[in-house]
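None of the figures in this text is laboratory data; all of them are computed from the coordinates on show. Quantities reported herein were computed from a predicted structural model and do not represent experimental measurements. Note that we place each Cβ from the backbone using ideal geometry, even for glycine, and neighbour counts take in every protein chain shown.
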Amino acid sequence: MTTPTPALQITGLSKSFGTTQAVTDVNLSANPGRVLALLGPNGAGKTTTMRILLGLVSADTGEALIEGRRYAEIPNPARRVGAVLDAGGLHPGRTGAQHLGITAEMIGATGERVTHLLQEVGLTEAAHRRIGGYSLGMRQRLALANALLGDPAVLVLDEPANGLDPAGIRWLRQYLRAFAAAGGTVLISTHVLTEVALVADDLVIIDRGRSLLSGALDELTSAEGRDLEQLYLSITTAPTEATTHSTATTEVHTETETLR
């Protein structure tokens, strides 16, 4: 069985803001047909890692590649990678349909694609309402639709379940699983253990700016003889344990079949 070329590859990534070290030697890879969860407490460095991957912040050291290239090197990147880092940056005076229509015109997507995605994310009835009247969950759905306009092969989502009700979380989980099953690559950041257990194939645990543990989720829990909660808390709560793991990252490698 051939190991697929990673769709996302982050190696030796470090970034400081003044005297604050945001990430230190972060490493991860995400393969086509898989959902990778970047799991860690608030302030662990998850968002900074994603911002560097998407070219919004420059790294001090290391590299972050999407399909072998830096984000800035990808022609019309919305056609290859869709991202949601913050659903709050939507113009409150525009309607959902107007917002998607503007993005579609910029990246060369069709009006039919806009209509399809509004239906896909459950916003058809709210399409002509102003975004200022949307709930947080509706804004999350709209932001996801915006990320999908270019029919990308890769999704990068920061806390995508934030603001969704239980039905919305279930819908998102099913959508991401279907996206991966069709050969797409998904990277999500979260601190919600239950969702990781239900949606992720692979896992990277990050804390204090360092990637501490990575590998296939089922193999990690099996090898450690602990469930996900026990494994996560054993690594992220005790400073001595976190330091130990950060200096010698545990890697569990597994071969996966390329689906794309």
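Some observations on this one:
- Angle in degrees between helix 111-120 and the longest Cα principal axis of the chain, rounded to the nearest 10: 60 degrees
- Signed unit charges on C-beta, dipole axis of the chain, positive-most listed residue Ala109, Pro77, Pro92: Pro92
- In order through the range 208-217: 3J(HN,Hα) via Karplus (6.51 cos²θ - 1.76 cosθ + 1.60), integer Hz, x for Gly, Pro: 6, x, 10, 7, 9, 7, 8, x, 5, 4
- Under 5 Å, built H, 5+ apart or other chain: amide partners of Leu213: Ile205
- Principal-axis analysis of the Cα atoms of the chain puts helix 166-181 at an angle of about 80° to the longest axis.
- The chain pair-distance distribution - Cα-Cα, 5 Å bins, rounded %: 1, 6, 13, 17, 19, 17, 13, 8, 4, 2, 0
- Virtual spin-label span in nm between Arg129 and Asn27, 7 Å along Cα→Cβ: 4.8 nm
- Cα centroid separation - the range 16-61 against the range 188-235, whole Å: 16 Å
- Under a model in which nothing but the beta-carbon of Lys, Arg (+1) and Asp, Glu (-1) is charged, the range 80-195 shows a dipole of about 120 debye around its Cα centre.
- Across the chain, the longest run free of exposed loop sites, meaning GluC sites (Glu not before Pro) lying outside DSSP classes H, G, I, E and B with no more than 14 other Cβ atoms within 10 Å, spans 126-254.
- Nonlocal amide H pairs with Ser189, under 5 Å, H built at 1.01 Å: Leu38, Leu157, Asp158, Glu159
- Computed [θ] at 222 nm, deg cm²/dmol, the chain (DSSP H ≥ 4; -39,500 (n - 2.57); rounded to nearest 500): -10500 deg cm²/dmol
- Between helix 136-148 and the chain there is an angle of about 90 degrees, using the helix long axis and the longest principal axis of the Cα atoms.
- Relative contact order [Cα under 8 Å, 6+ residues apart], the chain, whole percent: 27 percent
- Within the range 208-236, backbone nitrogen closer than 17 Å to the virtual label 7 Å beyond the Cα of Thr20 toward Cβ: 208-210
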